[in-house]
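Taking it in order: structure first as structure tokens, then the write-up.
The values are calculated or read from the model by the stated rules, or taken from the named source; none is laboratory data. Since we're looking at a predicted model, the values are computed, not measured. Every residue, glycine as well, gets a Cβ built from its backbone with ideal geometry; the counts of neighbours run over all protein chains shown.
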Ligand code: MIC
Ligand code: SF4
């Protein structure tokens, strides 16, 4: 039977499955599987909690092939806290056999693609954009830090066998149109919840026209579709990219079988694709640039793990060449990695950007996560990033448009939203070629190799003997992870918050320069829980604690980031169950890991029968967790059902009072 590429890689990694299956035959979609994880990555904002959990597992060294700890989020050091976290993470990496990517080396996903990614391997990362690795044919999945800690300890990653959606690309991108426009088109068609429970697999003749950085832009933003991950085949373009990175040995050819069957197919003709933007405040609010043209822009930001490769910087430099940033615009650029920055310097791209008036920001997440470069009041900012949730930029009333580097560059020099194809420019990088091939290439192979091979900002794991001598360094802001509550037989509690659709983890636990330094300190960070939706939540929840409360929400609850703080802090404040119309994948898993029961309205219309402040009863928690049957809910005179969407392992985790307790009791 012909299999998709995603199925082939998943099958090769299955260590346990609920259903008996024959290798080479499709596995029933939705059935529970457990896969071996070859590589892990963490970043500093989620890493401290992940490693605090990892320490409690009590093993001397990680059991993965490669584990990397990146510092890229909390690099705005306004006091001791962030650098204390960096030191803690560096000492943990030294002690447990983990690579350490020092601050300044770049954004985790970009660096991982360049230095560690291997086609056909599995990667689990404590960051929702880990699927970037799908750009070179990896099954790369984002997860909560606790799941990543378990994987570092050699444990499997549990998931429901995803559906595989095919995206058939034909034609070739036209001048001024970028890879970002492809994924924006997929988002326009599929929405921010279209990919829940699915992998997007790209195929068709259009694939070979795309470079690895372009493919990585697309797989990166598969996270915004709610997908488990996205994947491209590993082909000649992948080989060229890995060769340029001095890692030709890592390459192997990977593709779907001829005649592979997809659960559905989305078709995009690149010849016909135009420039697009995701309008405020959702990555799927996509419109054509033609329909927005002429709108005044006050800020342009280029970078993030989505669009910060050499190709991206070159595309910007080509458009701004000989021009200046318009007087009404502030423009900034954050190259994705130190390698990219060095290559951009050598190729003359950096000089062109500085000359044009771009502010050069460090190679880190920066403005993407509200760490500086916030827009002005009511500002209009064009960003090459992947998320535009309200307030994430640091300015609550700003309008954030997500666009390609080409569109961002065009607005930077004209001061208004402009279709790049209407401007005169020459591409600096050969069309459809990798950055090292073709006459139009900006750097030759040897020049790129020189930079790529300089791993001076990566610290390799120590020998077992050396590692045993390492002392862990813990700053005063690093507090232990709080314990979870035990499962209750039934609960009668007030609904402390009723929220709408598409609540993001940024809404549940904001990031930004003020809050991010508290990631290692749950009691402190919990003061910001739901701050964006209701500034009184913390006080009201604290007054009720330890009795507890419920939260009610709409569709796609918990979309966005993998931050487990969006489960940990509510847990710490006494939230015992979250009842919604539907959940985003990672957040639902994080709730389970921290002992909060995720319940789904069996009839979405029942959502309207509950008001904030009502007392709600879940009458059969223990029984539902033991049997897998539905939850029974009572609110005043109304009774209704909550669908039990939990697999057996998740139910056992909840019965044990969370993943840490479950693992301590010998659970796998
Ligand atoms: C994000 O883009 O929202 C983040 C910050 O990278 C998060 C991780 C975090 O909250 O630390 C993510 O995408 O998972
Ligand atoms: Fe960093 Fe932004 Fe990417 Fe998250 S989405 S990893 S904050 S660059």
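Observations on the structure shown:
- Test: residue in segment 600-622 that is under 27 Å from residue 124 (Cα atoms) and either without any contact (Cβ under 8 Å) to a residue 40 or more places away in the chain or not in a loop (DSSP other than H, G, I, E, B) (or both): yes
- Any hit, segment 27-42, residues being within 16 Å of ligand 1 (Cβ to nearest atom) and farther than 30 Å from residue 253 by Cα: no
- Of everything listed in (1) assigned to a loop (DSSP other than H, G, I, E, B); (2) over 16 Å from residue 612 (Cα atoms); (3) more than 16 Å from ligand 2 (Cβ to nearest atom); (4) touching a helix residue (DSSP H, G or I) at 6+ places or on another chain (Cβ under 6 Å), the single unmet condition for residue 563 is (3).
- Any chance residue 65 is touching a strand residue (DSSP E or B) at 6+ places or on another chain (Cβ under 9 Å), in contact (Cβ under 8 Å) with a residue 24 or more places away in the chain, more than 30 Å from residue 510 (Cβ to Cβ) and crowded, with 24+ Cβ neighbours inside 10 Å: no
- Residues in segment 287-317 that are in contact with a helix residue (DSSP H, G or I) (Cβ under 8 Å, 6 or more places away or on another chain), in a helix (DSSP H, G or I) and away from ligand 2 (no atom under 16 Å from the Cβ): 289, 310, 311, 314, 315, 316, 317.
- Scanning segment 25-38 for residues that are under 26 Å from the mean Cα position of the chain (by Cα) and either free of Cβ contacts under 8 Å to residues at least 60 places away in the same chain or at positive phi (or both) gives a single hit, 30.
- Flag for residue 628 being closer than 21 Å to residue 526 by Cβ and in contact with a helix residue (DSSP H, G or I) (Cβ under 9 Å, 6 or more places away or on another chain): no
- From the list 475, 456, 500, the lone residue that is without any contact (Cβ under 8 Å) to a residue 12 or more places away in the chain, part of a loop (DSSP other than H, G, I, E, B) and surrounded by fewer than 19 Cβ atoms within 10 Å (Cβ to Cβ) is 456.
- Within segment 367-385, considering residues that are farther than 18 Å from residue 411 by Cβ and surrounded by 23 or more Cβ atoms within 10 Å (Cβ to Cβ), the one nearest to ligand 2 (Cβ to nearest atom): 369
- Here residue 595 qualifies as touching a helix residue (DSSP H, G or I) at 6+ places or on another chain (Cβ under 9 Å) and buried (at least 21 other Cβ atoms within 10 Å of the Cβ).
- Those residues of segment 478-497 which are farther than 23 Å from residue 579 by Cβ and surrounded by 16 or more Cβ atoms within 10 Å (Cβ to Cβ), in sequence order: 478, 479, 481
- A search for C-beta distances below 6 Å between a residue of segment 13-24 that is touching a residue at least 24 places away in the same chain (Cβ under 8 Å) and any residue that is part of a loop (DSSP other than H, G, I, E, B), counting only pairs 6+ apart in sequence or on different chains, returns 13/36; 15/36; 15/156; 18/31.
- Of the strands (runs of 3 or more DSSP E) lying entirely inside segment 93-160, those containing at least 3 residues that are closer than 24 Å to residue 466 by Cβ and more than 12 Å from ligand 1 (Cβ to nearest atom) are 99-101.
- Residue 6 meets the stated requirement of being at pLDDT 95 or above and away from ligand 2 (no atom under 16 Å from the Cβ).
- Selection status of residue 359, away from ligand 2 (no atom under 12 Å from the Cβ), modelled with pLDDT of 95 or more and touching a strand residue (DSSP E or B) at 6+ places or on another chain (Cβ under 8 Å): yes
Residue by residue, here is whether (1) within 16 Å of ligand 1 (Cβ to nearest atom); (2) surrounded by fewer than 23 Cβ atoms within 10 Å (Cβ to Cβ) holds:
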position	(1), (2)
213	no, no
224	yes, no
233	no, yes
240	no, yes
246	no, yes
259	no, yes
262	no, yes
267	no, yes
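- Residue satisfying all of: in segment 503-535; touching a residue at least 24 places away in the same chain (Cβ under 8 Å), more than 15 Å from ligand 1 (Cβ to nearest atom) and in a loop (DSSP other than H, G, I, E, B); surrounded by the most Cβ atoms within 10 Å (Cβ to Cβ) among these: 530
- Strands (runs of 3 or more DSSP E) wholly inside segment 325-413 that include at least 2 residues being closer than 19 Å to residue 178 by Cβ, under 22 Å from the mean Cα position of the chain (by Cα) and away from ligand 1 (no atom under 16 Å from the Cβ): 380-383
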